[in-house]
Amino acid sequence: MRHIILCLLVLLLSSTLAYGDSIPCQFQMRDGRIRKGKVFCPEKFNKKALVIIVNHRQQKVEEAQFLYSYLVDKLLADGISCCFFDNRPLHSEDSTSLTTLFDMADDASDVYNSLKKNKTFKKFKMGFIGTSESGGSALISASSVAKPSFLIQLVTNVEPQDKKDHQIFTLYNNPVWTAAFTDISTALSLPFFKQSVSYFPNASMGISFHEYSAMYQIMIDDMKHSRIGDKEDYAKRLYNKYEGSIKSHRELFAPLITHFLGKQMEEDYLAPRMWYNAKPYYKKVKCPILFLSGYHDYNVLCSTNIVEFEKTMHENGNKNYTSVIVDATHNLMDFGVERRIMHGGDGEIDRSKQHQIMDAISEWLRRNVN
Amino acid sequence: MKKILINVFVLFLWSNVISARGLVLNLRYSENESSFDSIAMKTSLSEIGYDMITYIVDKNRSISEYAEKVYEIVERYRNAETQDTIFLLSDRLSTFVGLDVVSRDTTIHGLITLTGAYNDGDNFLYDEISIKKNLEMMDSISFDGSKEHYLKTVYRMIQDKKKGKKIKLSLQADNMMKEFYTLLNSPYGTSLIDFSLEEHLRTTKAWIGFLIEEHNEMKMEIDYMNLSWTANKYGVKYSAPFSYPSDNCVEKIKQMILDLRQKK
């Protein structure tokens, strides 16, 4: 159903991109394959600048086109071209590995290099834009290609990934999990998620918060270093380690840990990106960078990341950066996920704020490609 | 004169602790407004068998000098009383003194921090200014690069200070920059530059009670990340970051003491 709605939206969108042509392209990838894509070009005032929209590995290109639609319209109106390209599947063909943010970076770099060999675009000023995890991919791409003209990172992470994931998970992401392992009063005292009380479980194991946090840190480290092996065995070993700290509902421990590891390692998003650390990549990026953080972002926290980004810029002597906090959530492009929490129920969402942010990004880009 | 008055104040409080069982040593950074009503706090703590001594920290001495003074007070208390739990209570800037004390005195039961700072000193100084500046300019891109230039100046001043160079204050400096400059040049600021969170947590045995006044979540996120990640490495015990409304501070501290004193 979701796909049908998306397809309809994409059809609607493609009929409303009124500013120019879309040029179908084929990109040569490093593994020898050909990837299809499109460059949307402005009809007039062509500034010979092109933004490569870096894919997020959990998103199809149609979704990206929809989410970036306002910005793309704006950029086209300003004479700036935009390139989308097909995404690879989330799992490798033999299903042995998950696609990573590093793969997304390779793809975007290959698209950049292909476009640089294309007669029409080779003299264009080209750069990358990425949101959330694909902001990290955009950084890696910008650090690996020759002379990118700009890099735009929206609500993206600068802290080492394992440290960031630990922070988010124990602080904001899963109060229900916190309540199950510690106790409900601890989960209730955490900031922000007080309203989740109705979802809290009746059974808590009573582990101290710091032990719960340390346990989670150990799991992250073990996932990072591929030390998990059989998940059920691992959960039992972890149980033995924390047995003395569990006060009640011992039977919950191993199944919850096994479920968590399965989700992170096989279905979801944690394990494949654990080695990501932005700092070394910034050293190689000399082009102007726009780094945008959301004040109400409870996924990539604005404070920790904006200060880390700025200090990295100062440390590297990069004067050509712009950092900004905007009054928005993590989903700059799609308010849907957080609408209940941040936008008061299921009513209409005021998108004017989102549009103001996109206008500012477009203005920054216009000034930097002139 | 100020020091004499502080000492007299401490002695006055000291004379009242004779019959107490437990002690809460409240470290307050002088330039900060207290987060709570001291009289209400004393009354509330007294109900659970604790006395409170307030010790003022300011920019005129180094972190270790203040830690030494606090350590002396704790020792005097310990010699005068039967052994019972001692807690330190700190605000944001005095947290560095609290951490220095508990890293050396392993018999103090807990350090309770009110929006406490858990960071290396140099990062703390930069982060505080950066967040303030970025929030001032929320939703507004600095197209002329003035905000980024401002923050680069802050960063350079910190680096120069670390290298022992003399730091200069621009003639155009605003109040935030002037305050920063004054702190950086003071004995407290100088000692802050080399403060390492990890070095302190490495030897800390006390519980850390992590209380955050509501609407300070942005600061807390940095502090929580640093505290949890480093404390987990060294087995330091800490509470979850409990947020509280400002008018509920006294009750929250009392509750935290009651919770922590039961724990080993």
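The values are calculated or read from the model by the stated rules, or taken from the named source; none is laboratory data. It should be emphasised that the depicted structure is a prediction, and the values quoted were computed from it without experimental measurement. No Cβ is skipped: glycine too gets one built from the backbone with ideal geometry, and neighbour counts run over all protein chains shown. Just so you know, the surface numbers come from the protein's heavy atoms only, side chains and all, with ligands and any DNA or RNA stripped out. Shrake-Rupley method; radii C 1.70, N 1.55, O 1.52, S 1.80 Å.
Of B:D84, B:D91, which residue is touching a strand residue (DSSP E or B) at 6+ places or on another chain (Cβ under 6 Å) and over 27 Å from B:E213 (Cα atoms)? Outline the logic, then answer.
Details: B:D91 fails: over 27 Å from B:E213 (Cα atoms).
The conditions single out B:D84.
Suppose the filter is at pLDDT 95 or above and not small (G, A, S); does A:K263 pass it? Don't jump to the end; show me each part of the working.
Details: at pLDDT 95 or above: no; not small (G, A, S): yes.
When the stated conditions are applied, A:K263 does not pass them.
Could you look through segment B:48-73, keep only residues that are under 20 Å from B:D259 (Cα atoms) and touching a residue at least 60 places away in the same chain (Cβ under 8 Å), and pick out the one that is surrounded by the most Cβ atoms within 10 Å (Cβ to Cβ)? Break it down stepwise before answering.
As a first pass, look at segment B:48-73 and keep what is under 20 Å from B:D259 (Cα atoms): B:48-52.
Applying the additional criterion that residues be touching a residue at least 60 places away in the same chain (Cβ under 8 Å) yields B:48, B:50.
Numbers: B:I48: 14, B:Y50: 24.
Selected residue: B:Y50.
So that you can scan it fast, the table gives a plain yes or no per residue for (1) outside the structural domain of B:I253 (by TED's automatic domain parsing); (2) open to solvent by 50 Å² or more (accessible area, probe 1.4 Å):
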| position | (1), (2) |
| --- | --- |
| B:K132 | yes, yes |
| B:I141 | yes, no |
| B:S146 | yes, yes |
| B:Y150 | yes, no |
| B:K162 | yes, yes |
| B:K166 | yes, yes |
| B:F180 | yes, no |
| B:I208 | no, no |
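If we keep just the residues of segment B:248-264 that are more than 10 Å from chain A (Cβ to nearest Cβ) and basic (K, R), which is least open to solvent (accessible area, probe 1.4 Å)?
If we take residues in segment B:248-264 being more than 10 Å from chain A (Cβ to nearest Cβ) and basic (K, R), then B:K254 is least open to solvent (accessible area, probe 1.4 Å).
Need at least 1 residues that are at the interface with chain A (Cβ under 10 Å from one of its Cβ atoms) and either within 14 Å of the chain's Cα centre (by Cα) or not β-branched (V, I, T) (or both) per element, so show me which helices (runs of 4 or more DSSP H) inside segment B:178-247 make the cut, counting only ones lying wholly within it. Talk me through it step by step, then tell me what you get.
Working: elements: B:187-193, B:197-201, B:217-234.
Because the criterion is at least 1 residues that are at the interface with chain A (Cβ under 10 Å from one of its Cβ atoms) and either within 14 Å of the chain's Cα centre (by Cα) or not β-branched (V, I, T) (or both), the helices (runs of 4 or more DSSP H) in segment B:178-247 that meet it are B:217-234.
Against the definition (within 14 Å of chain B (Cβ to nearest Cβ) and modelled with pLDDT of 90 or more), how does A:S245 come out, yes or no?
Working: within 14 Å of chain B (Cβ to nearest Cβ): yes; modelled with pLDDT of 90 or more: yes.
Taking the combined requirement at face value, the residue satisfies it.
When the residues of segment A:334-361 are narrowed to those that are closer than 22 Å to A:E62 by Cβ and within 14 Å of chain B (Cβ to nearest Cβ), which ends up modelled with the lowest pLDDT?
Per the criteria, the residue is A:Q354.
Between A:L261, A:L252, which is open to solvent by 20 Å² or more (accessible area, probe 1.4 Å), in contact (Cβ under 8 Å) with a residue 24 or more places away in the chain and not charged (D, E, K, R)?
Numbers: A:L261 fails: open to solvent by 20 Å² or more (accessible area, probe 1.4 Å).
Answer to the check: A:L252.
Run down A:N305, A:N318, A:N299 and say which single residue is in a loop (DSSP other than H, G, I, E, B), within 14 Å of chain B (Cβ to nearest Cβ) and closer than 30 Å to A:A180 by Cβ. Don't jump to the end; show me each part of the working.
Details: A:N305 fails: in a loop (DSSP other than H, G, I, E, B); A:N318 fails: closer than 30 Å to A:A180 by Cβ.
That would be A:N299, the only listed residue that is in a loop (DSSP other than H, G, I, E, B), within 14 Å of chain B (Cβ to nearest Cβ) and closer than 30 Å to A:A180 by Cβ.
Do we have any residue at all in segment A:40-60 that's open to solvent by 10 Å² or more (accessible area, probe 1.4 Å), hydrophobic (A, V, I, L, M, F, W, C), part of a strand (DSSP E or B) and modelled with pLDDT of 90 or more?
Checked against the condition, which is being open to solvent by 10 Å² or more (accessible area, probe 1.4 Å), hydrophobic (A, V, I, L, M, F, W, C), part of a strand (DSSP E or B) and modelled with pLDDT of 90 or more, segment A:40-60 yields at least one hit.
If you take the residues in segment B:224-254 that are polar (S, T, N, Q) and at pLDDT below 95, which one is nearest to A:P175 (Cα to Cα)?
So the residue we want is B:S243.
Across segment B:106-147, what is the number of residues that are in contact with a Phe, Trp or Tyr (Cβ under 7 Å, 6 or more places away or on another chain), within 7 Å of chain A (Cβ to nearest Cβ) and either acidic (D, E) or part of a loop (DSSP other than H, G, I, E, B) (or both)?
Result for segment B:106-147: 2.
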